[in-house]
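**Q** Before I ask anything, let me first share the structure, which is written out below as structure tokens.
The values are calculated or read from the model by the stated rules, or taken from the named source; none is laboratory data. Here the structure is a predicted model, which means the values were calculated and not measured. Neighbour counts are summed over all protein chains in view; Cβ atoms, including those assigned to glycine, are modelled from backbone coordinates with ideal geometry. SASA here: full protein model, heavy atoms, side chains in, ligands and nucleic acids out. Shrake-Rupley method; radii C 1.70, N 1.55, O 1.52, S 1.80 Å.
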Amino acid sequence: MPGVLRLEAELGVNRKTVETALRRLEMEGMLISQGPGRRRLICQMNGAKRASLRVAMLIAEPADRGVGYLIGMRHKLIEAGHHIVDPPKTMTELGMDVGRIMRMVGKTEADAWLVAAGSHEVLESFVARGAPTFALFGRRRGFPIAGVGPDKPSAIAVATKTLIGLGHRRIVMLVRRLHRIPIPGASEQAFLNELAIHGIPPSPSYHLPDWEFTVDGFHGCLESLFKITPPTALIIDEMPFYVAAREFLAKHGLRIPADVSLVSTDADPAFAWCKPSVSHIRWNHDPVVRRVVRWAGNVSAGKQDLRQSSTPAEFVVGGTIGPARHG
């Protein structure tokens, strides 16, 4: 396929229009991307119409149904001619019990599965099952399974280095158990490695504590952390936990960032209204959505697609981090 600049000149339209059209042709399976800076290949369909897939979306918890990029992903898949299947329960509603999850999967009529934030055990079960599966984030590394996610390990390493540069040594990262079991995930390991690089002996029991995935379990973990050797900085995964941690700190009279620095590993539109501005990790959702739609197109065309990819992520310094308070 000719490049964007040539098409822009030949067709007499602006570059944005050309790029939008090319992305649409990719989603419809008429073009195949070869990566940034390389021309797309034209896919010969021989007049055959692609099969429509029944794509089941297995999400972590009910609140995920309102996540913007997941809603956009649904719409793009429907526009591409596929049908979305919603399993009756989310993974947390099934207690993150692999047996219960896979029994539900076996009873759900679907041709392919999107699994959002799947644990090591859940994704391992999908691989064993053999059905086409796409891992959105989660513990996908090392499995022969298609997947995509932001490059959070690099951004978390930068955030940790920044906190250490501000004098913080008691830094705690609060994440779900699936990111720590059976071993720390890539982002969590990047955090522990950065501590070690700067002479802070990493202790998973302190720097990466375990907690029961309940409201009481999360607050109990915070109570325990701040009882004896309170952390001077918290890196918190996911917005619900970030909000809960802020409420905990306010309740206990701890100021941000004077007493405790806070970093969120996700961005949220609400941050635009926050003072001080929130230190967070930012990434673009559009490439993730495009990758999922491309995978569905490949599967519907009978092609095996097991490629895993990542999108850039960056640490945005805000007013919720400051010098460590000692003593």
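**Q** Looking at segment 234-327, what % of its DSSP beta bridges pair antiparallel, to the nearest 5? Don't skip to the answer; put the middle values down first.
**A** Values: 4 of 9 bridges.
Expressed as a percentage, antiparallel bridges in segment 234-327 total about 45.
**Q** By the gyration tensor of its Cα atoms, with a ≥ b ≥ c the square roots of the eigenvalues, what is the shape of segment 169-283: rounded for a/c under 1.5, prolate for a/b over b/c, or oblate? Numbers along the way, then the final one.
**A** Working: a/c = 1.35, a/b = 1.24, b/c = 1.09.
Judged from the Cα gyration tensor, segment 169-283 comes out rounded (a/c under 1.5).
**Q** Any chance you could give the angle, 0 to 90 degrees and rounded to 10, that helix 239-251 forms with the longest Cα principal axis of the chain?
**A** Compared with the principal axis, the helix lies near 20 degrees.
**Q** Quick check: from the Cα gyration tensor, does segment 238-291 come out rounded (a/c under 1.5), prolate or oblate?
**A** Prolate, since a/c reaches 1.5 and a/b exceeds b/c.
**Q** Helix-derived [θ] at 222 nm for the chain: sum -39500 (n - 2.57) over DSSP H runs of at least 4, divide by residue count, nearest 500?
**A** The helix contribution divided over the chain gives -11500 deg cm²/dmol.
**Q** Scan around SER279 for amide H atoms under 5 Å from its own, H built in the peptide plane at 1.01 Å from N, and keep only partners 5 or more places away or cross-chain.
**A** Residues meeting the amide H criterion: SER264, GLY318, GLY319, THR320, ILE321.
**Q** Where does helix 215-225 land angle-wise versus the long Cα axis of the chain, in degrees 0 to 90, nearest 10?
**A** 50
**Q** Follow-up question, since we're still on this one. In the chain, what % of DSSP beta bridges are antiparallel (nearest 5)?
**A** Numbers: 6 of 34 bridges.
Around 20 percent of the beta bridges assigned by DSSP in the chain are antiparallel ones.
**Q** Another question about this same structure. Pull up all non-local amide H partners of ARG170: gap of 5 or more, or a different chain, and H-to-H distance under 5 Å with H placed in the peptide plane.
**A** THR232
**Q** Related question: Within the accessible area of segment 85-237, what % is carbon and sulfur when the probe is 1.4 Å and the other protein chains stay in place?
**A** About 55 percent, which is the carbon plus sulfur part of the accessible surface.
**Q** Further question: Write down the percent of antiparallel bridges among all DSSP beta bridges whose residues are both part of segment 1-160, to the nearest 5. Show your work: numbers first, answer last.
**A** On the way: 2 of 16 bridges.
In segment 1-160, DSSP labels about 10 percent of beta bridges as antiparallel.
**Q** Still on this structure: Which residues among segment 228-248 fall inside the zone where the amide N is under 20 Å from a point 7 Å beyond the Cα of ARG282, along Cα→Cβ?
**A** Residues 235-240, 242-243 qualify, since their backbone N sits under 20 Å from the label point.
**Q** Right, next: To the nearest 20 Debye, how big is the dipole of the chain about its Cα centre, given +1 on the beta carbon of each Lys and Arg and -1 on that of each Asp and Glu?
**A** With only Lys, Arg, Asp and Glu charged at Cβ, the dipole is about 720 debye.
**Q** Which whole-angstrom value gives the distance between the alpha carbon centres of segment 250-300 and segment 67-81?
**A** Measuring centre to centre over Cα atoms gives 20 Å.
**Q** When the chain is treated as a GNM, springs tying every alpha-carbon pair under 10 Å, which of ARG23, ARG38, ARG54 comes out with the largest mean-square fluctuation?
**A** ARG38
**Q** So, one more: Can you give me the solvent accessible area of ILE181 with a 1.4 Å probe, rounded to the nearest 10 Å²?
**A** For ILE181, the solvent-accessible surface is approximately 70 Å².
**Q** Express the accessible area of the chain per residue in Å², computed with a 1.4 Å probe while the remaining protein chains stay in the model.
**A** Here the per-residue accessible area is 50 Å².
**Q** How large is the dipole of segment 113-207 about the Cα centre if only Lys and Arg carry +1 and Asp and Glu carry -1, each at its Cβ, rounded to the nearest 20 debye?
**A** 160
**Q** Among rounded, prolate and oblate, which fits segment 171-224 when a ≥ b ≥ c are the square roots of the eigenvalues of its C-alpha gyration tensor, a/c under 1.5 means rounded, and a/b larger than b/c means prolate? Provide the component values of the computation, followed by the final result.
**A** Values: a/c = 2.97, a/b = 1.62, b/c = 1.84.
Oblate, because a/c is 1.5 or more while a/b does not exceed b/c.
**Q** What percent do you get for the relative contact order of the chain when only Cα pairs under 8 Å and 6+ apart count?
**A** Values: 515 pairs, mean separation 58.6, N = 327.
Contact order relative to length: 18 percent.
**Q** Any chance you could give the angle, 0 to 90 degrees and rounded to 10, that helix 120-129 forms with the longest Cα principal axis of the chain?
**A** 20
**Q** By a straight-distance test (C-alpha under 29 Å), which lysines pair with LYS251 as possible cross-link partners, with residues fewer than eight away in the same chain excluded?
**A** Once the sequence-local lysines are set aside, what remains near LYS251 is LYS161, LYS227, LYS275.
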